[in-house]
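Enquirer: A single structure is presented below for examination.
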Amino acid sequence: MSAIGVLSSCSCLRPGVWLLKPGMQQMGSFGLHTAARCAAKDYYEVLVLGGGAGGITMSARMKRKVGAGNVAVVEPSETHYYQPLWTLVGGGAKQLATSARPTGSVMPKGVEWIKSRVTALDPDKNCVWLENDIKISYKYLIIALGISLHYEKIKGLPEGFDHPKIGSNYSVHTVEKTWKALQDFKEGNAIFTFPNTPVKCAGAPQKIMYLSEAYWRKTGKRSKANIMFNTSLGVIFGVKKYADALLEIIKERNIAVNYKCNLVEVRADKQEAVFENLDKPGVTEVHQYEMLHVTPPMGPPDVLINSPVSDQIGWVDVDKETLQHKKYPNVFGIGDCTNLPTSKTAAAVAAQSGVLDKTISLVMKNQLPTKKYDGYTSCPLVTGYNKVILAEFDYDAQPLETFPIDQSKERVTMYHMKADMMPFLYWNMLLK
């Protein structure tokens, strides 16, 4: 059965598998918005910080509640990316251009696009500060600022990317270098890393490893590759059902896994990667590489660190069931920038957006939120050029599956959903 057939025949479709259900409910009120300017007004009923998946989705929803002219999105970037596609771009299965659209084209019609950066948040005064000391006040604030990449926390990066043999699927500037390194591989160690921080799409560091293994098998180079997954974690995946399936694949494909192993330095001129043993702080080991895929350390955006809206680390401090801020009732958070104890994925944003929509509706009526987010997230674990294990789970790392099949099995239908259906649903449904 095709992926479309599987989706349409399933009566238990969750809001995150993704994007489909909320998208079908929301079609019809979207149009082209191209105006990008400094703030035309200094007050909005709803102000959204961030124009990624969470920010655009919530601005579309808020437009229907309070009117387009009363909603603004603060976002400096000219281009909006569907980043889940970069796994396939790095593996040579998709072109980078297909993951990009102009930000103006995804902004809901009539919603104000303030092309600027947030420099400070003052929730006690219901305002934020932008570049050039511009002050914007609000009645309700939605924070959707995403997560920041910190290649610079690895000694030798990002300048190491100027050398060959090294890439990273997490940046628009380095994802195509992954594909080049994959093609240029001759013989030796192929190392794939996972950092000692929260990351967005925690399955992605493994996905490119499985694609690389499949590519070298197809091109006759597999016997010359010593594939290593060096992860700072103590497990291969946080949900046992899928971890067990992945470990079987790793065994079958003769991949070495080194746990509690954190990349701290890259000597790109020598093709050396230095890893710290997290069980023995200060003890390091140097590995020569013929290919290196780097997953960078990540953290909250700088503007959120030491902000009144954030926890001690810098994540937006929200109630994990309602997404309402724990201290400021007119402030809300969604997506990667929050301290919700679940994986940071586009599917999580899709599920969160429906809950947050209900939460804000009730808050606007001076009622208590009742809709509860269960931590649902999804990670399509790409294990080859036509295979995916569709992991879906909740806050308790328990499977929360959509389809009446064993989703821990590799399936062609799930690959086509990941590669073909989900991008379509993202652009045409979730964002609308």
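Enquirer: Filter region 204-261 for residues that are among the acidic types (Asp, Glu) and more than 26 Å from Val286 (Cβ to Cβ) and give the result. Can you show your working first?
Expert: Residues of region 204-261 that are among the acidic types (Asp, Glu), as a first pass: 213, 244, 248, 252.
Result: Asp244, Glu248, Glu252.
Enquirer: What are the residues in region 202-220 that are free of Cβ contacts under 8 Å to residues at least 40 places away in the same chain and crowded, with 19+ Cβ neighbours inside 10 Å, if any?
Expert: Of everything in region 202-220, just one residue is free of Cβ contacts under 8 Å to residues at least 40 places away in the same chain and crowded, with 19+ Cβ neighbours inside 10 Å, namely Trp216.
Enquirer: Checking Leu356 against (1) part of a helix (DSSP H, G or I); (2) within 26 Å of Pro205 (Cα to Cα); (3) aliphatic (A, V, I, L, M): exactly one of these is not met. Which one?
Expert: Looking at each condition in turn, Leu356 falls short on (2).
Enquirer: Sticking with this one: In region 262-282, what residues are open to solvent by less than 20 Å² (accessible area, probe 1.4 Å) and in a strand (DSSP E or B)? Spell out the reasoning first.
Expert: The initial filter retains those residues of region 262-282 that are open to solvent by less than 20 Å² (accessible area, probe 1.4 Å), namely 263, 266, 268, 273-275.
The answer is Leu263, Val266, Ala273, Val274, Phe275.
Enquirer: Of all residues in region 72-102, count the ones that are open to solvent by less than 10 Å² (accessible area, probe 1.4 Å), touching a Phe, Trp or Tyr at 6+ places or on another chain (Cβ under 6 Å) and outside any helix (DSSP H, G or I).
Expert: Summing the residues that are open to solvent by less than 10 Å² (accessible area, probe 1.4 Å), touching a Phe, Trp or Tyr at 6+ places or on another chain (Cβ under 6 Å) and outside any helix (DSSP H, G or I) in region 72-102 gives 3.
Enquirer: In addition: When you look at Tyr242, is it open to solvent by less than 10 Å² (accessible area, probe 1.4 Å), over 24 Å from Lys186 (Cβ atoms) and not charged (D, E, K, R), yes or no? It would help to see each step written out before you state the result.
Expert: Numbers: open to solvent by less than 10 Å² (accessible area, probe 1.4 Å): yes; over 24 Å from Lys186 (Cβ atoms): yes; not charged (D, E, K, R): yes.
The answer is yes for Tyr242.
Enquirer: Report yes if some residue within region 354-365 is open to solvent by less than 10 Å² (accessible area, probe 1.4 Å) and either in contact (Cβ under 8 Å) with a residue 60 or more places away in the chain or under 15 Å from Val239 (Cβ atoms) (or both); otherwise report no.
Expert: Within region 354-365, one or more residues are open to solvent by less than 10 Å² (accessible area, probe 1.4 Å) and either in contact (Cβ under 8 Å) with a residue 60 or more places away in the chain or under 15 Å from Val239 (Cβ atoms) (or both).
Enquirer: Also: Kindly evaluate Tyr395 against the criterion of being outside the structural domain of Lys240 (by the TED database), buried (at least 17 other Cβ atoms within 10 Å of the Cβ) and more than 23 Å from Pro297 (Cβ to Cβ).
Expert: Values: outside the structural domain of Lys240 (by the TED database): yes; buried (at least 17 other Cβ atoms within 10 Å of the Cβ): no; more than 23 Å from Pro297 (Cβ to Cβ): yes.
No; evaluated as a whole, the condition is false for this residue.
Enquirer: Does Gly299 satisfy being surrounded by fewer than 22 Cβ atoms within 10 Å (Cβ to Cβ) and modelled with pLDDT under 95? I'd like the intermediate steps shown before the answer.
Expert: Working: surrounded by fewer than 22 Cβ atoms within 10 Å (Cβ to Cβ): yes; modelled with pLDDT under 95: no.
When the stated conditions are applied, Gly299 does not pass them.
Enquirer: Could you say which residue among Leu233, Leu149 is closer than 18 Å to Phe275 by Cβ, surrounded by fewer than 21 Cβ atoms within 10 Å (Cβ to Cβ) and not charged (D, E, K, R)?
Expert: Values: Leu149 fails: closer than 18 Å to Phe275 by Cβ.
Just one listed residue meets the conditions, Leu233.
Enquirer: While we're on this one: Considering each residue of region 306-323, count those that are of a type outside the set (A, V, I, L, M) and open to solvent by less than 30 Å² (accessible area, probe 1.4 Å), and give that number.
Expert: So the first thing to find is which residues in region 306-323 are of a type outside the set (A, V, I, L, M), and the list is 306-308, 310-312, 314-315, 317, 319-322.
Going one step further and asking which of them are open to solvent by less than 30 Å² (accessible area, probe 1.4 Å), we end up with 307, 310, 314-315, 322.
Of the residues in that region, 5 qualify.
Enquirer: Determine whether Lys344 is surrounded by fewer than 21 Cβ atoms within 10 Å (Cβ to Cβ) and under 21 Å from the mean Cα position of the chain (by Cα). Give the derivation first.
Expert: On the way: surrounded by fewer than 21 Cβ atoms within 10 Å (Cβ to Cβ): yes; under 21 Å from the mean Cα position of the chain (by Cα): yes.
So Lys344 passes the test.
The values are calculated or read from the model by the stated rules, or taken from the named source; none is laboratory data. Because the structure is predicted, anything quoted here is derived from the model rather than measured. Backbone-built Cβ (ideal geometry, glycine too); neighbour counts: all protein chains shown. Each accessible area value is taken on the protein alone, full model and side chains, heavy atoms only, with ligands, DNA and RNA left out. Shrake-Rupley method; radii C 1.70, N 1.55, O 1.52, S 1.80 Å.
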